[in-house]
Amino acid sequence: MGTGNSIALSKPGEEYRVHYLNAKYGIKSWLLTTDHKRIAWLYFISTSFFFVIGGLAATFMRLNLVSPQGALVQPATYNKLFTMHGTIMIFFFLAPAVPTVLGNFLIPMMIGARDVAFPKLNLLSWYIFITAGATFLWCAISGGVATGWTFYTPLSSTYTNTHVISAAMAVFISGFSSILTGLNFIVTIHKMRAPGMTWFRLPLFIWALYATSIIFILAMPVIAITMALLVVERIFHVGIFDPALGGDPVLFQHLFWFFGHPEVYILILPSLGVISELIAAFSRRRVFGYEFVAFSSFAIAFISFLVWGHHMFVSGQSIYAGIFFSAMTMAVAIPSAVKVFNWIATLYKGSVALDAPMLYALGFIGLFTIGGLTGLYLASTGLDIFLHDTYFVVAHFHYIMVGGAIMGYMGGLHYWWPKMTGKRYPEHWARVAALIIFIGFNLTFGPQFILGVEGMPRRYATYPPKFQFLNIMSSAGASILAVGYLLPAIYLLWSIKYGPAAGPNPWGAKGLEWTTASPPPVHNFDVIPIVTEEAYAYGHEPAVVGSAAS
Amino acid sequence: MLWLATFIPFFAREASSVAPNVDALFLFETAVTVFFSALIFILMIVFAVKYRRRSPDEVPVQIHGNIPMELTWIIIPAIIVAVMFVWGAKLYILLARPPRDAVHVYIVGKQWMWKIQHPEGAEEIDMLHIPVGEPIECILTSQDVIHDFSVPAFRVKKDALPDRYTTVWFTADKVGRYPFYCDQYCGTFHSHMRGFVEVMRRSSYETWLAGQSTSGVSMPAEGAKLYQSFGCIQCHGTGKGPSWVGLWDSKVHLANGQVVVADGAYIRNHILDPRDWHVEGYPNIMPTFQGQITEEQIFDLIAYIKSLATTPGPQGVAVPPPAKNGASTTP
Ligand SMILES: [Cu+2]
Ligand SMILES: [Cu+2]
């Protein structure tokens with residue numbers, strides 16, 4: 001680590017220091033980097049780009065739904081918009097966001113390593129991701145696809161004349177990016193931990209990403225195969241899914257949801273990990289019931305492979321299958337409840353600071369609770385028949401995906417932003433934005449629960465006039481939500497240039513990532529740390545396991 | 001306060017025998033949701049205020065965990081979700097088992113409309129007239145992609161799949177007009193694929209039936225005509241192929257050793273795929289009717305075969321068994 005050879009670059013009053021951001025300059029130094037921290041930025045920029053595109057699609061959808069006849073576009077276009085929104089948000093934003101941005105940046109930092117196990121593979125994952133994203137954009141530009149992100153057959157395989165093949169190829173390719181990322185993370189966590197960093201000293205974020213990586217490796221090949229079969233059927237008319245060709249239309253749903261439900265946990269597990277970090281840091285407490293929280297991630301990951309049939313309660317599948325999948329789905333509630341209650345218990349007698357990341361964390365806990373509990377309605381077979389494929393479902397999964405996954409991501413981004421950039425953002429603006437997002441979110445998706453019990457089906461470009469009032473409410477909420485997302489985009493970018501220096505540990509938090517400079521040096525640690533204490537070792541009192549909360 | 005009236009009470013109306021059961025579970029789960037959401041929000045706010053950081057270097061007492069508490073919040077949620085599971089499964093089974101005396105209505109979904117056939121012969125599009133208080137079983141299929149027949153006021157829905165029959169049943173218990181929707185995204189005009197169930201008193205229902213131009217020929221009678229025109233009679237009326245009399249609901253021994261019940265799905269499969277469903281003891285010579293017969297015509301043939309049941313059919317329609325030569329029952 002050279003010093004002092006370009007003193008002219010540093011601002012007066014700030015000591016010049018070489019770190020991962022200024023060690024090299026030029027576009028090539030970024031596009032060919034193998035530094036996990038820089039790759040995290042590559043992912044940050046590309047996933048943010050997709051978030052904007054997916055968000056724009058949602059904006060047009062909400063605008064269109066202001067009027068029962070469709071205020072803006074024809075049904076054919078509306079169908080493309082929701083397909084684009086779903087596909088982009090799930091495959092190109094939510095699935096990669098937390099693992100590849102925060103995970104990439106933090107896994108080596110948190111376990112005391114200089115990089116991930118396979119830095120070149122890490123960069124390759126990003127290029128595969130970009131190829132997949134470009135393929136999907138090409139699909140959108142060449143006319144778009146209107147199958148919904150679920151690509152149900154035989155609509156997708158035979159009947160639609162929109163661009164299924166390029167969309168399916170995009171999903172197919174993106175799967176390999178996730179598989180390689182998962183593989184890289186698993187090996188890194190196994191082999192690269194600093195001396196003394198035992199499994200039960202790992203931050204819970206690492207446990208969550210480990211569980212996510214396992215799902216990446218097991219579920220992504222299934223979606224890749226399913227998409228490949230779909231393309232084969234569409235091009236060569238091989239009868240796999242379309243009964244007119246001798247296929248089975250429900251087979252696709254089994255394959256798709258065998259991937260699809262674990263995918264849901266790919267989206268939420270990393271954020272659950274983030275929340276554990278935030279709750280610990282902002283109450284200065286070791287997460288209550290650390291082992292229970294850690295293992296609940298694995299319980300969720302495991303059960304997630306046994307619940308796919310809950311998407312098919314009304315598809316005519318055997319009622320015994322339905323009942324089995326219902327029981328398995330109900331079981332997911334238990335590890336989820338374990339997490340929530342342990343977080344709440346962590347606050348008890350803590351030292352709670354309501355900084356912006358913590359506001360996101362608390363918002364997450366509340367919205368994730370509502371999202372999880374409303375999932376039970378859909379897991380109850382007889383009740384699901386009423387609510388299946390209505391706006392109730394849309395509201396439920398947005399509480400998990402937006403109220404949960406994105407809240408967690410935003411919280412994590414605000415928490416580690418000073419580490420990633422070395423700069424602080426304006427705290428009061430960040431709190432205001434968190435509050436606006438929380439309010440806008442509830443106004444957008446709360447009314448959709450009611451639309452669902454009133455019977456409004458999802459994926460409707462037009463609707464009976466009696467649903468208009470709640471749709472307008474939802475659209476109005478969405479505009480507030482949009483402002484909430486715009487604010488961080490402005491002040492976070494502002495902070496990169498104008499924010500005050502953060503220092504190594506602006507939150508007074510525990511964790512190896514806070515022991516090194518902000519932004520970190522190229523190789524993270526000048527000296528590889530030796531870990532002698534467990535995660536979140538706030539205070540000096542000896543650990544008393546199993547003692548009653550006195 | 002007009003806007004309040006738009007969604008309070010915001011439920012889709014209850015208009016079927018099962019709707020109150022479904023809503024009872026809905027209310028139970030809503031009570032659980034409200035209770036736990038409120039509990040979590042209140043605890044969060046109370047702790048965040050009560051234990052707010054009072055000085056920048058404050059370090060709170062460290063508590064690592066507590067096994068009895070962990071067990072509490074494992075066991076209580078487990079019991080609650082077990083109740084939801086059992087309750088939901090009971091409803092699911094109830095909704096899956098149509099009463100034996102249900103009247104069959106045949107529904108074909110196609111991009112983008114619902115074609116409905118009544119056994120008496122009435123046909124309608126995007127409208128379903130039914131008598132109040134009588135169990136109705138809809139036999140659903142699709143001519144193209146997957147659709148879903150959903151009647152929120154009855155709290156029921158079921159996918160309509162190509163190449164497959166599914167059923168959904170209900171007993172409407174309030175006269176009135178209730179919307180139905182296609183709930184499975186099915187292409188461009190998915191959102192246009194909706195209509196109304198008109199629940200009528202028996203007497204008005206009969207007046208309505210009589211007024212339908214298509215009511216002149218019942219579905220079994222229509223099927224009997226097809227029996228002749230498709231040439232089914234040449235084998236099934238001569239003993240070369242199995243007779244249709246008494247076939248409905250009977251056990252059929254297939255050449256491959258399987259024993260199947262002769263229900264609608266079996267009949268449909270046999271018409272479209274006779275080689276795979278070849279009946280033991282008869283020559284394997286039946287041609288496929290794939291591409292020559294519509295889903296509606298298959299429904300007519302099923303209704304006809306059902307009318308030939310030796311035991312009074314579930315609908316109690318007394319149709320005299322025709323002569324062995326398959327003489328038409330057309331009036
Ligand atoms: Cu699922
Ligand atoms: Cu449809």
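The values are calculated or read from the model by the stated rules, or taken from the named source; none is laboratory data. Remember, predicted model here, so these are calculated numbers, not experimental data. When we count neighbours, we look across all protein chains shown, and the Cβ atoms used for this are built from the backbone with ideal geometry, even at glycine. Note: accessible area is taken over every heavy atom of the protein model, side chains too, but ligands, DNA and RNA are not part of it. Shrake-Rupley method; radii C 1.70, N 1.55, O 1.52, S 1.80 Å.
If the requirement is being farther than 30 Å from residue A:35 by Cβ, among the hydrophobic types (A, V, I, L, M, F, W, C) and open to solvent by 40 Å² or more (accessible area, probe 1.4 Å), which of these qualifies: A:490, A:439?
A:439
Output the residues belonging to the range A:202-248 that are small (Gly, Ala, Ser), crowded, with 18+ Cβ neighbours inside 10 Å and not in a helix (DSSP H, G or I).
If the condition is that a residue be small (Gly, Ala, Ser), crowded, with 18+ Cβ neighbours inside 10 Å and not in a helix (DSSP H, G or I), then A:247 is the only one that fits.
Quick one: count up the residues across the range B:160-177 that are touching a helix residue (DSSP H, G or I) at 6+ places or on another chain (Cβ under 7 Å) and either within 12 Å of ligand 2 (Cβ to nearest atom) or part of a helix (DSSP H, G or I) (or both).
The number of residues fulfilling the criteria is 2.
Given the residues A:292, A:298, which is the only one that is away from ligand 1 (no atom under 16 Å from the Cβ), within 12 Å of chain B (Cβ to nearest Cβ), at pLDDT below 95 and part of a helix (DSSP H, G or I)? First the steps, then the outcome.
Values: A:298 fails: within 12 Å of chain B (Cβ to nearest Cβ).
Result: A:292 is the single residue among A:292, A:298 that is away from ligand 1 (no atom under 16 Å from the Cβ), within 12 Å of chain B (Cβ to nearest Cβ), at pLDDT below 95 and part of a helix (DSSP H, G or I).
In the range B:56-80, how many are more than 7 Å from chain A (Cβ to nearest Cβ) and open to solvent by less than 40 Å² (accessible area, probe 1.4 Å)?
Adding up the residues that qualify gives 1.
Does residue A:363 fit the bill of being more than 7 Å from chain B (Cβ to nearest Cβ), buried (at least 23 other Cβ atoms within 10 Å of the Cβ) and within 16 Å of ligand 1 (Cβ to nearest atom)? So that I can check it myself, show each step before the final result.
On the way: more than 7 Å from chain B (Cβ to nearest Cβ): yes; buried (at least 23 other Cβ atoms within 10 Å of the Cβ): yes; within 16 Å of ligand 1 (Cβ to nearest atom): no.
Taking the combined requirement at face value, the residue does not satisfy it.
Anything in the range B:207-243 that is more than 20 Å from residue B:278 (Cβ to Cβ) and free of Cβ contacts under 8 Å to residues at least 60 places away in the same chain? List them, or say none.
Across the range B:207-243, the qualifying residues are B:207, B:210, B:211, B:213, B:229.
For residue A:274, work out the one condition from (1) buried (at least 20 other Cβ atoms within 10 Å of the Cβ); (2) within 16 Å of ligand 1 (Cβ to nearest atom); (3) in contact (Cβ under 8 Å) with a residue 24 or more places away in the chain it doesn't fulfil.
Failed condition: (2).
Per-residue answers, yes or no, for (1) assigned to a helix (DSSP H, G or I); (2) open to solvent by less than 10 Å² (accessible area, probe 1.4 Å); (3) within 16 Å of residue B:119 (Cα to Cα):
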| position | (1), (2), (3) |
| --- | --- |
| B:158 | no, no, no |
| B:179 | no, no, no |
| B:187 | no, yes, no |
| B:191 | yes, yes, no |
| B:195 | no, yes, no |
| B:198 | no, no, no |
| B:203 | yes, no, no |
| B:208 | yes, no, yes |
| B:221 | yes, yes, yes |
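Does residue B:185 satisfy the criteria of being in contact with a Lys or Arg (Cβ under 6 Å, 6 or more places away or on another chain) and within 11 Å of chain A (Cβ to nearest Cβ)?
Here the answer is yes, as residue B:185 does meet what is asked.
Got a number for residues in the range A:55-74 being in a loop (DSSP other than H, G, I, E, B) and hydrophobic (A, V, I, L, M, F, W, C)?
5
Could you list all residues from the range A:301-322 that are surrounded by fewer than 21 Cβ atoms within 10 Å (Cβ to Cβ), within 16 Å of ligand 1 (Cβ to nearest atom) and in a helix (DSSP H, G or I)?
A:302, A:303, A:305, A:306, A:321
Based on what the data block shows, is residue A:157 more than 15 Å from residue A:189 (Cα to Cα), in a helix (DSSP H, G or I) and touching a Gly at 6+ places or on another chain (Cβ under 9 Å)? Step through it out loud before you land on a result.
Numbers: more than 15 Å from residue A:189 (Cα to Cα): yes; in a helix (DSSP H, G or I): yes; touching a Gly at 6+ places or on another chain (Cβ under 9 Å): yes.
Yes, satisfied.
Could you run through the range A:248-271 and say how many residues are within 25 Å of residue A:93 (Cβ to Cβ), within 16 Å of ligand 1 (Cβ to nearest atom) and not aromatic (Phe, Trp, Tyr)?
Qualifying residue count, the range A:248-271: 11.
For (1) more than 7 Å from chain A (Cβ to nearest Cβ); (2) under 20 Å from the mean Cα position of the chain (by Cα); (3) among the aromatic types (Phe, Trp, Tyr), each residue gets a yes or a no:
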residue: B:154; (1), (2), (3): yes, yes, yes
residue: B:199; (1), (2), (3): yes, yes, no
residue: B:229; (1), (2), (3): yes, no, no
residue: B:232; (1), (2), (3): yes, no, no
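Confirm whether residue B:237 is at pLDDT below 85 and buried (at least 18 other Cβ atoms within 10 Å of the Cβ). So that I can check it myself, show each step before the final result.
Values: at pLDDT below 85: yes; buried (at least 18 other Cβ atoms within 10 Å of the Cβ): yes.
Answer is yes for this residue.
Report, by residue number, each residue of the range A:34-65 that is β-branched (Val, Ile, Thr) and over 19 Å from residue A:97 (Cα atoms).
The one that is β-branched (Val, Ile, Thr) and over 19 Å from residue A:97 (Cα atoms): A:59.
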